[in-house]
1. Conditions first: (1) in a helix (DSSP H, G or I); (2) open to solvent by 70 Å² or more (accessible area, probe 1.4 Å). GLY42 passes all but one, so which condition is the exception?
2. Which residue is nearest to ALA18 (Cα to Cα), if the candidates are limited to segment 171-188 and must be open to solvent by 30 Å² or more (accessible area, probe 1.4 Å) and in contact with a helix residue (DSSP H, G or I) (Cβ under 9 Å, 6 or more places away or on another chain)?
3. On the basis of being surrounded by fewer than 17 Cβ atoms within 10 Å (Cβ to Cβ) and closer than 27 Å to ARG211 by Cα, does ARG95 make the cut?
4. For segment 191-234, what are the residues that are under 22 Å from ARG31 (Cα atoms) and of a type in the set (Ser, Thr, Tyr)?
5. Would you tally the residues in segment 134-152 being touching a helix residue (DSSP H, G or I) at 6+ places or on another chain (Cβ under 8 Å) and buried (at least 16 other Cβ atoms within 10 Å of the Cβ)?
6. Consider MET168 against the criteria (1) of a type outside the set (Ser, Thr, Tyr); (2) under 28 Å from LYS141 (Cα atoms); (3) open to solvent by 30 Å² or more (accessible area, probe 1.4 Å): it satisfies all of them except one. Which criterion is unmet?
7. What is the one condition in (1) modelled with pLDDT of 90 or more; (2) of a type outside the set (Gly, Ala, Ser); (3) in a loop (DSSP other than H, G, I, E, B); (4) open to solvent by 50 Å² or more (accessible area, probe 1.4 Å) that GLU88 does not satisfy?
8. Those residues that are assigned to a helix (DSSP H, G or I) and among the small types (Gly, Ala, Ser), I need them from segment 91-117; list them, please.
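The values are calculated or read from the model by the stated rules, or taken from the named source; none is laboratory data. Fair warning: this is a prediction, and the values are worked out from it, not measured in the lab. Glycine also receives a Cβ, built like all others from the backbone with ideal geometry; neighbour counts cover every protein chain displayed. Keep in mind that these areas ignore ligands, DNA and RNA; they rest on the heavy atoms of the full protein, side chains included. Shrake-Rupley method; radii C 1.70, N 1.55, O 1.52, S 1.80 Å.
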Amino acid sequence: MPAATARAVPTTDALPSADSLLPEGFTPAARKKLVKADPTLGALMKQVGPFSMKVNSIQSPFLALAESIVYQQLTGKAAATIFGRVCERVGKGRRFTPEALLAHPVEGLREAGLSGAKTAALRDLAAKALEGEVPTLARAKRMSDAELVEHLTKVRGIGQWTVEMLLMFRLGRPDVLPVDDYGVRKGFMRTYGLDEMPRSKDLLAYGERWRPWRSVASWYMWRALELDKPVGSGGGRA
């Protein structure tokens, strides 16, 4: 998914039930609800096929966010190489802790290929984790989307979009709408036959009809960019 600007937008403060988490929670009944609420989205869903978003398990939000910081503005291959070097120095898996990262010399992190800004962001992430601003995985599962955004965007180098990707693709939260994501906005424009991409606030307002499955709708907006023919040609406008 393309990166986006870091302007905050409202996020749900409701805590999802365990049986609603993605992808298992998206049942045929939920699909019918979305199709009824938005026939144009329903046409896109039919054209794309079954919802198959993959949720990657994580050992801790700290580790996932550290990886996200390293990956910012880099190709996947380059970022993976640098993150691998960082892990070799700090520790792999459960050994990648805030204490271990702060104990490692700044020079060593820079030698791994990190920029000065990313090194500072990682160290701030570690410090915030020790202060309790970055929750453990168990605590994160008990926190609402809005609470996680509030806590995690206090970390240097982490904006709302980064937290939204964590919510969707690591925690499986069902009702996230990253309105500043370029791919979601471009997919919406294509699906609904618009002449230009929607403003974030307009997409947020339209997306109210997708609750409580805005993550699903967002996934289909990304998939819309992979289609040969846009759904929106004659299929209705937002």
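1. Condition not satisfied by GLY42: (2).
2. If we take residues in segment 171-188 being open to solvent by 30 Å² or more (accessible area, probe 1.4 Å) and in contact with a helix residue (DSSP H, G or I) (Cβ under 9 Å, 6 or more places away or on another chain), then ARG185 is nearest to ALA18 (Cα to Cα).
3. no
4. THR191, TYR192, TYR206, SER215, SER218, TYR220, listed by residue number.
5. 9
6. (3)
7. Answer for GLU88: the failing condition is (3).
8. Of everything in segment 91-117, those that are assigned to a helix (DSSP H, G or I) and among the small types (Gly, Ala, Ser) turn out to be GLY93, ALA100, ALA103, GLY108, GLY116, ALA117.
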